[in-house]
């Protein structure tokens, strides 16, 4: 074999390798909308965000956050996890207190705590990825997916933005003629009750905002119907596993009720489970600040959703009455000044109080989780003043 033939063979091998690499790359980078019908969309992790923060910036900002933390969580009252990050880089984090007071199990960076209604952000994330992948439509009627669903005007959008008009399940299931509270209520039970007990809408669909946990319990059933998986498994495949959220899970009442970390009143009296603790979608995700940081950065990436859908996520839908507060698709917002909007979600279930703040313009994530009842997590929004033109004062004691 002469030299020319050898070179031709070498060039051919290089060409095959290049083409193979391009083909494999295309498979990895398929858009959600290009996925085969039987393939689920997945969140994509963000790695090595830039620009890198300088040591001087980290030191100065950390000192100010530390001062804020010590003021808002005085000694011996703090219990939970707290994290502040910019560009995905952790500026400050603290873990204090007990995950289990009786066993004296300490909270650390890997301790999953109940995130209460911050779970709604994750449920909405899975729904939005399925919409982005064209598995369903944002304005699709719910009864085209859940055939027995009794309210024909309710859509996916009106579940996400709390404009469905449905009644909150914690109120109507409290009546003994509706449900026996000695029995644990499930999401499917909830749907069945609305059908068989003639639970009517509280108000006409899409006429105004009313925060309602029933909306997100139904969204969880929709996730199950569309994916063919349990909510627990679907969340793992769409969000938790792709993002490496190893300390995050959906609470399984039968499997986890004895091992999940409990919550407490402010005096360390443990709060037991009740008949509503098997409902998921609106709550019942356990996570850590570090895992939620991974989620927030993935939601901030261009790969999260197509631009048109993303814009609708951060649009306020309830404008019947003038005010600063509004709700998008799975996210709360406060319009502080023209052009300045704070995006966040709070949570409260039993003794767990939680808050998630995402400063989209500044690439900042602020998270506080507590399993001992306290309003302190809700104050973390004031830290936004460190990063942008937000009208808060770190030494302001007002709510």
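The values are calculated or read from the model by the stated rules, or taken from the named source; none is laboratory data. A quick note: this is a predicted structure, and the numbers were derived from the prediction, not measured. Note: ideal-geometry Cβ built from the backbone for every residue, glycine included; neighbour counts use all protein chains shown.
The table below gives the values:
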read-out	value
Complete set of residues in segment 242-255 that are farther than 20 Å from residue 347 by Cβ, under 18 Å from the mean Cα position of the chain (by Cα) and either buried (at least 21 other Cβ atoms within 10 Å of the Cβ) or without any contact (Cβ under 8 Å) to a residue 12 or more places away in the chain (or both)	none
Strands (runs of 3 or more DSSP E) within segment 285-399 that include 2 or more residues at pLDDT below 95 and crowded, with 18+ Cβ neighbours inside 10 Å	none
Single residue of 202, 224 found to be without any contact (Cβ under 8 Å) to a residue 40 or more places away in the chain, surrounded by 15 or more Cβ atoms within 10 Å (Cβ to Cβ) and either within 30 Å of residue 43 (Cα to Cα) or under 23 Å from the mean Cα position of the chain (by Cα) (or both)	224
Which numbered condition residue 258 misses (of (1) over 18 Å from the mean Cα position of the chain (by Cα); (2) assigned to a helix (DSSP H, G or I); (3) without any contact (Cβ under 8 Å) to a residue 24 or more places away in the chain)	(2)
Top-ranked residue of segment 292-317 - restricted to ones that are touching a strand residue (DSSP E or B) at 6+ places or on another chain (Cβ under 6 Å) and in contact (Cβ under 8 Å) with a residue 24 or more places away in the chain, ranked as nearest to residue 113 (Cα to Cα)	292
Qualifying positions in segment 161-190 - closer than 17 Å to residue 147 by Cα and in contact (Cβ under 8 Å) with a residue 60 or more places away in the chain	187, 190
Which numbered condition residue 193 fails, given (1) without any contact (Cβ under 8 Å) to a residue 12 or more places away in the chain; (2) surrounded by 14 or more Cβ atoms within 10 Å (Cβ to Cβ)	(1)
Counted residues, segment 96-116 - those being farther than 21 Å from residue 358 by Cβ and surrounded by 15 or more Cβ atoms within 10 Å (Cβ to Cβ)	8
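A quick yes/no check of all residues on (1) at positive phi; (2) in a loop (DSSP other than H, G, I, E, B); (3) modelled with pLDDT of 95 or more:
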{"position": "189", "(1), (2), (3)": "no, no, yes"}
{"position": "195", "(1), (2), (3)": "no, no, yes"}
{"position": "198", "(1), (2), (3)": "yes, yes, no"}
{"position": "205", "(1), (2), (3)": "no, yes, yes"}
{"position": "210", "(1), (2), (3)": "no, yes, yes"}
{"position": "216", "(1), (2), (3)": "no, no, yes"}
{"position": "222", "(1), (2), (3)": "no, no, yes"}
{"position": "226", "(1), (2), (3)": "no, no, yes"}
{"position": "232", "(1), (2), (3)": "no, no, yes"}
